[in-house]
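Read through the structure below, which is laid out as structure tokens, and then see the notes.
The values are calculated or read from the model by the stated rules, or taken from the named source; none is laboratory data. Just so it is clear, the model here is predicted, and its values are computed rather than measured. Here the Cβ positions follow ideal geometry from the backbone for every residue, glycine too, while neighbour counts run over all protein chains shown. Accessible surface is based on the protein model in full, side chains and every heavy atom, while ligands, DNA and RNA are left aside. Shrake-Rupley method; radii C 1.70, N 1.55, O 1.52, S 1.80 Å.
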Amino acid sequence: MINQHSENFLNTQLENVPGEGYIFSWFDWFCLWYPPGWLIIFNRHWQHYHTDSDGWNWLEYGLFLIPGGFYLAMLSRWLRLGFRSPRKEVGEFNPKYQEAFRKEVLAPIVKYYFRGKLQQVENLPQTGPLIVAMNHAGMSFPWDFLTLGYLLSEARGWVLQPVASSVLFEHPWIIWWLPPKWSQVLGGVRAELDDFEAAIAPPTPTAIAQGKIILYAPEGIRGLVKGWRRRYQLEKFDVSFIKLSDRYQIPILPVVCIGSESLHPWAVNFKKLQRLVKLPFFPISPLMLALILFPSMGVWAMRTRLHYFIQPLEPAELHNHSNKGRKVTYRQAQQLREKLQIKINQLLK
């Protein structure tokens, strides 16, 4: 929860920008359809609203667009920063910046590239709080999460916070790719139990009325690293979201995503390289040749149709109140997994 002083300061940053906010220009449209340019869109939008002396400049953006140019851009930036990495900074969630990013950047990407769509909207409640649990896959940047967040915000006006791997906050590659604080300011929550609980636990009764919405992947990293051969085969669910749902009486909204497996098709996880570079996954596929030539494509994904099927709400309680032990929690998590697997199989047919 951000304090009032921090919220006022962050909101002032948006209000002080001249004009009507960020305009998705012809150059952004070019970057959208030229994969090495996606990283430019993210950074340009951030720099429109924030002073970032450590960020990329226009010369370096131009280098992104040529084969191997990203390495020259990194060298240029490293020299410009005085032989050091960009500063690591801790940010706080700013719903106003999330809204600006959603309307000014995510909107054209979701509508025209991923062609995202909500299905079975009659199952969508009007208000929170909720834990939105979705099958998360694709072995790529979490576009299935970002697209669902955009669609739910458009449908209900919700402010959502995705639970994300700690790598998206602090890995050296991410620090070079994305602006400092980017993930936190957009609402990212570290995929650690304490942070997850802090994000979802309402500190006051007022917070319950506000309706916290958390996006969560019950499969965890297992869903991402299973590879193309096991696409649409749900892995074992973690139990933390069941425990927190029961503890704070927050219902679970299951969502089935069809199309996410095609974000990075034909990929397998290379475990040795994954451990070497300390990433949660390291996909190997025919697309990796392009990534070597254009490392700025690390946030890109293949064009696909992301369709989200909203399932009926799961109650915010364990079925067996006489014994709320780990076995009961685990059993309920796996029962939900089996239910979603049946739905996925039906949809694929």
Original post:
Based on the alpha-carbon gyration tensor of region 43-140 and its eigenvalue square roots a ≥ b ≥ c, which shape applies: rounded if a/c is under 1.5, prolate if not and a/b is larger than b/c, or oblate?
Top reply: prolate
Subject >> Unit charges at the beta carbon, dipole of region 98-348: most positive-side option, V105, T127, I175 >> reply: I175
Subject >> Gain upon complete extension [R326, I342; 0.36 nm per residue less C-alpha separation] >> reply: 3.3 nm
Subject >> Difference of contour (0.36 nm per residue) and Cα-Cα distance, S25 to T127 >> reply: 33.3 nm
Original post:
Roughly to the nearest percent, how much of the accessible area of region 98-348 is carbon and sulfur, given a 1.4 Å probe?
Top reply: 56 percent
Original post:
Quick one: which of 120-129, 95-104, 192-201 comes out on top by average Cβ neighbours within 10 Å, and what's the full order, highest first?
Top reply: 95-104, 192-201, 120-129
Original post:
Where nothing but the Cβ of Lys and Arg (+1) and of Asp and Glu (-1) is charged, how large is the charge dipole of the chain around its Cα centre, in debye to the nearest 20?
Top reply: 1340 debye
Original post:
What is the calculated FRET efficiency for Q120 to K272, with r their C-beta to C-beta distance and R₀ = 30 Å, to the nearest 0.05?
Top reply: 0.10
Original post:
Of Y216, V328, P286, which is farthest along the charge dipole of region 98-348 in the positive direction, counting Lys and Arg as +1 and Asp and Glu as -1 at C-beta?
Top reply: P286
Subject >> Extreme residue, positive dipole direction of region 98-348, given options F237, G116, Q346 (C-beta unit charges) >> reply: Q346
**OP:** With a probe of 1.4 Å, find how much accessible area region 98-348 has per residue, and write the answer as a whole number in Å².
**Re:** 44 Å²
Original post:
Of [x] 22.1, 88; [y] 20.2, 65; [z] 18.4, 51, which one was derived for Rg and Dmax of the Cα atoms in Å from the structure shown?
Top reply: [y]
**OP:** As a check on your grasp of the helix formula, calculate [θ] at 222 nm for the chain: sum -39500 (n - 2.57) over DSSP H runs of n ≥ 4, divide by the residue count, round to the nearest 500.
**Re:** -12000 deg cm²/dmol
